[in-house]
1. Taking into account only those residues within the stretch B:225-260 that are more than 30 Å from B:LEU186 (Cβ to Cβ) and among the aliphatic types (A, V, I, L, M), which is most open to solvent (accessible area, probe 1.4 Å)?
2. Being open to solvent by 40 Å² or more (accessible area, probe 1.4 Å) and in contact (Cβ under 8 Å) with a residue 40 or more places away in the chain is the filter; apply it to the stretch A:52-75 and report the residue that is farthest from the other protein chains (Cβ to nearest Cβ).
3. Within the group B:TRP199, B:TRP191, which residue is in contact (Cβ under 8 Å) with a residue 12 or more places away in the chain and assigned to a helix (DSSP H, G or I)?
4. Consider B:MET15 carefully, then state whether it is closer than 27 Å to B:TRP306 by Cα, under 22 Å from the mean Cα position of the chain (by Cα) and not aromatic (Phe, Trp, Tyr).
5. Go through the residues of the stretch A:15-34 one by one and say whether even a single one is closer than 30 Å to A:HIS132 by Cβ and either more than 13 Å from chain B (Cβ to nearest Cβ) or open to solvent by 30 Å² or more (accessible area, probe 1.4 Å) (or both).
6. What number of residues within the stretch A:37-51 are within 11 Å of another protein chain (Cβ to nearest Cβ) and open to solvent by 50 Å² or more (accessible area, probe 1.4 Å)?
7. Given the options A:ALA107, A:ALA124, A:ALA137, name the one that is modelled with pLDDT of 80 or more and either in a helix (DSSP H, G or I) or within 14 Å of chain B (Cβ to nearest Cβ) (or both).
8. Given B:LEU263, B:LEU288, which one is open to solvent by less than 10 Å² (accessible area, probe 1.4 Å) and in contact (Cβ under 8 Å) with a residue 24 or more places away in the chain?
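The values are calculated or read from the model by the stated rules, or taken from the named source; none is laboratory data. All of these numbers come straight from a predicted model, not from anything done at the bench. Neighbour counts run over all protein chains shown; Cβ positions are idealised from the backbone, glycine included. Areas reflect the complete protein model, heavy atoms only, side chains present, ligands, DNA and RNA absent. Shrake-Rupley method; radii C 1.70, N 1.55, O 1.52, S 1.80 Å.
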Amino acid sequence: MFATVLFYLFAGVAIGGALGVVLAKSPVASLLMMVVSLGSVAGTFVLMEAHFLAAVQVIVYAGAIMVLFMFVIMLLNLGHDYEQDVKMGAFAVVSFAVVGVMAGMLATRFGGLEGDGPAAGAIAIDAALAEHGAVGAIGQTLFTDYVVPFEITGILLLVAIVGALALAKRNVA
Amino acid sequence: MDYQPISGIPALIAMSLKVTVIFTVVMLVVAYTTLAERRVSAWIQDRSGPNRVGPGGLLQPIADGIKNFLKEETLPATASRVFFVLAPMLTIVPALVTFAVIPIAAPLPTPWGVVDMIIADVPIGILYVLAVSSLGVYGLVLGGWASNNKYAFLGGLRASAQMVSYEVALGLSLVTVLMLTGSVTLTEMVWQQQQLDVWFALPLSLAFIFFLISAFAETNRLPFDMPESESELVTGYHTEYSSMKFSMYMIAEFGHMVTASALMATLFFGGWDLPGMWDDAFWYQGQLIKGFASDGSVLLAAPAVWKTLITFGAFALKTSIFLLIYIWVRWTLPRFRYDQVMALGWKVMLPVALAYVMVMAGTILSLDEVGLQWGFFYGMVLTAVSALCTLFFLLFIDRGHTIVGAAALERQKRTVHLPRRASAPTPPPAPVAAGQEAR
């Protein structure tokens, strides 16, 4: 009961924050709305007993990436001259249509509170949590069943870092 | 006697009591840390310090509080009103909620069950601390930006760059602790230190040094108070703030200090643990145990009120020692230059911390492969390896300035004072000590 109330609270704040990102006039307000939205998503993760995911969501997105965004926005110190670049009209219609279709597909696939999938998943998650702890449960899977995708993702990030360094260096030399 | 964790309505009451008491105590400690800072700084500088309000100045924090409430609230005409008001709130909340996951004493037995002396023993423990403290930067940056003042803005930018940089070193120094405990909850970290019979400051000495340095940087205290640096930026991000909003920034800064001190005490100095097995306690498969017998069966713990009180005293003592170190360092060391702060974080601490993680991972892995029992000897082997790493690190960052430099200076002094033959031309004294040329 209490968890349901919390879920609707977090979900509402997450959606409200996401709308705020798009609708806010000032870029800094958009950014803070995004942080609020990310934090609420982390809250729903906690309700699903995915504590590790919630912590990583806050540490990586809210605490690191959004701080860098804020750094950039403030350094550029955007005035209001960017506003004419934001084109509404056809762009808005297309994006709302795409989002609507996606929401509809998700609703037909996962709609309704009943279903056999989540219950089995929850039991498996509970067992893993009891055996390995909040971090161990995800680490165990990550480094056994999914070790190759995990390592490849690591290399992908490394490539991105090297690429960023190469691009940044070229202007200096 | 069988001990059960508290549950039901008494648990709710115990929880609200714990939240109220711990919050009040933390706020009081924050208030008296401001007094301690002023008294200790006066002591270091051979002055009297504030000693007029109350006996020995003990009521000074209350006088400061009243003053801050009664001061005029300023709102700069060009400031963004919403963000300007929001920023101090965003700073003070992360500074105070971190304390929720720190265990402060041994479990307390009550007629309704055993109460854990921690507000929330969340399964992600230290990750919660990292997550919350990473949010603390928003208040600083936002305050600097919303003030619409060049100095405040520079302070805010410095704050964000510095805190993001030192979070990396902080996280890496924690990785070794996580490897050694195999868990992220702070209660289990305290428990593992009790089982090891050595507090982690010895087996993980280099990690402790890194954590200490990064904690200074994360709390924006001297020698890392770049975001404030009075001599360059007036007072940095809170230049435009007055009365209670300024006070909230101050409370946040001192709250961060208290939390960081409590964390250092918990992670590296055993938390509420005292030497010996008499106070050890941990929930293991529904039982409160104090250890394992040699045949693997559990030894049940006997919690007592006096044990809780004494262990809380130990925790308070350890925390206040770190608070004293914070103050001591502030009034001893000069401020870094900004590029030095960045160079130390990215070019020294990051690679060395990574190398240290590798070394410790290798050591722990080989000790486990050999099959050494988790205990005092295990800790001693790790201590030896860490001591070597720490020694190399200290020699490396010293760059011949202090250790070698002093000896060279001494040699130079002797050559100058030796009796010389009249015919020989006087050798010019070396302009700098040998070790300092590499600067």
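1. Top of the filtered list is B:VAL234.
2. A:LEU53
3. Selected residue: B:TRP191, the only one of B:TRP199, B:TRP191 that is in contact (Cβ under 8 Å) with a residue 12 or more places away in the chain and assigned to a helix (DSSP H, G or I).
4. Criteria not met by B:MET15.
5. no
6. Number satisfying all stated conditions: 2.
7. The unique qualifying residue is A:ALA107.
8. Within the list B:LEU263, B:LEU288, the selection yields B:LEU288.
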